[in-house]
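Below: one structure, written as structure tokens.
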Amino acid sequence: MVIHIGLVGLGKIAQDQHVPVLRDSPDFELVAIASRNQSLEGCAHFQTIEQLLASDDAPAAIALCQPPQVRFDAARQALEAGKHVFLEKPPGATLSEVEALKRIARDNGVTLFASWHSRYASGVEAARLWLQDRTIRRVEIEWKEDVRHWHPGQAWIWEAGGMGVFDPGINALSVATRILPDFYLQQGTLSFPANRAAPIAADLDFVTVDGAPIRAEFDWRQTGPQTWDVRVETDSGKLVLSKGGSELMIDGAAQTLPPEAEYHGLYDRFAALVQAGESDVDLSPLRHVADAYLRGQRREVEAFED
Ligand code: NAP
């Protein structure tokens, strides 16, 4: 049965991915939008989620694509109205609010899905399978991009709860937590521009529970070629997951992968969860970000101007 779905927050990711993927989906029909600024042809339009949920034909599912700071209230209202909820990443601005959402979803008998799109990049599952029987020796994660190119004019990303460079960095952490054994932070440095409430860079030293070091460098000041790489040395070979997980090399040999379909994968998963009456809320990537704020040193760097 096709699931009617409404989308809240018609910003960059909603337009780039959610709308086209939903229009192509055999499982969902996009029927409504809640947006303060825009409407979408063929969909009922509401200014707010309250209005959308109160409408006669309110859809059975809601995808929330706003910034994390404003997602909790919308998610709570949707779950309490008996709707299945898809959360864009990161699932919230704090761990506790997402824990609360898990309980609210359970109490209302609906699905809550905390999506991590990078886990659906084409090389990630193959990397996980290759690594699962090997002993990790060391890991390097480099996630370096140009914030001016990827996040022009996004004020929320620099505000408290916007997470700064962890907005992309959490994608690396979502991959790392999927393909590596448990790890935790030993030390870190978060670089905050003098005029901003969120970091522009983070250097993090994690270690696996078995003692293998994981060095992660996130930086938003990279111009020229962009880097989204995870390199893993094991007791029997080396793996490089690059371009955000869409390319995989094992011992220098490029692996043949399925075509890129991150958001198709996410919506397939959401449909399966709804049909099974289950939720999927893995907080481990967000927990590592919280740990970085808890355990990392803070240093001030040059002011950042758009
Ligand atoms: P964006 O372009 O700034 O869009 C966010 C949208 O949320 C706005 O256009 C706005 O839509 C709505 N909104 C509601 N309350 C808001 C508020 N107080 N401040 C700002 N916007 C508000 O952001 P985005 O890049 O789409 O990112 C949204 C979420 O998706 C983030 O959690 C991000 O990490 C995640 N994400 C982004 C990307 C990407 O490539 N950009 C990729 C994957 C995931 P209306 O004007 O329609 O109300």
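Points worth noting:
- In the range 197-226, the residues that are among the hydroxyl-bearing types (Ser, Thr, Tyr) never reach a residue that is in a strand (DSSP E or B) and modelled with pLDDT under 95 with C-beta atoms less than 7 angstrom apart, at least six apart or across chains.
- All conditions in (1) touching a residue at least 12 places away in the same chain (Cβ under 8 Å); (2) of a type in the set (Asp, Glu); (3) away from the ligand (no atom under 16 Å from the Cβ) hold for residue 125, with the sole exception of (1).
- Qualifying residue in the range 96-104 (condition: in contact with a Ser or Thr (Cβ under 8 Å, 6 or more places away or on another chain) and either within 15 Å of the ligand (Cβ to nearest atom) or not small (Gly, Ala, Ser) (or both)): yes
- Selected residue (criterion: surrounded by the fewest Cβ atoms within 10 Å (Cβ to Cβ)) from residues of the range 45-77 that are among the small types (Gly, Ala, Ser) and within 14 Å of the ligand (Cβ to nearest atom): 74
- The lone exception for residue 241 - which of (1) buried (at least 20 other Cβ atoms within 10 Å of the Cβ); (2) over 20 Å from the mean Cα position of the chain (by Cα) it fails: (2)
- Count of the range 138-184 residues, restricted to those that are in a helix (DSSP H, G or I) and either more than 13 Å from the ligand (Cβ to nearest atom) or within 22 Å of residue 280 (Cα to Cα) (or both), is 15.
- In the range 101-125, the residues that are part of a loop (DSSP other than H, G, I, E, B) and more than 18 Å from residue 270 (Cβ to Cβ): 122, 123
- Flag if residue 187 is among the polar types (S, T, N, Q) and either within 14 Å of the ligand (Cβ to nearest atom) or modelled with pLDDT under 95 (or both): no
- Residue ID - nearest to residue 52 (Cα to Cα), chosen from residues in the range 1-36 that are away from the ligand (no atom under 13 Å from the Cβ) and out of contact with any helix residue (DSSP H, G or I) (no Cβ under 9 Å at 6 or more places or on another chain): 31
- Answer residue from the range 190-204, given it is of a type outside the set (S, T, N, Q) and either touching a Leu at 6+ places or on another chain (Cβ under 7 Å) or assigned to a loop (DSSP other than H, G, I, E, B) (or both) and is surrounded by the fewest Cβ atoms within 10 Å (Cβ to Cβ) among those: 194
- Cβ-Cβ contacts under 8 Å between residues 6 or more apart (or on different chains), taken from a first residue in the range 158-179 that is at pLDDT 95 or above to a second residue that is of a type in the set (Ser, Thr, Tyr) and away from the ligand (no atom under 13 Å from the Cβ), are listed as 161/94; 173/284; 177/284.
- Any chance residue 229 is acidic (Asp, Glu) and surrounded by fewer than 21 Cβ atoms within 10 Å (Cβ to Cβ): yes
The values are calculated or read from the model by the stated rules, or taken from the named source; none is laboratory data. Just so you know, these numbers come straight off a predicted model, no measurement behind them. For neighbour counting, all protein chains shown are included, and Cβ atoms are generated from backbone atoms with ideal geometry for every residue, glycine included.
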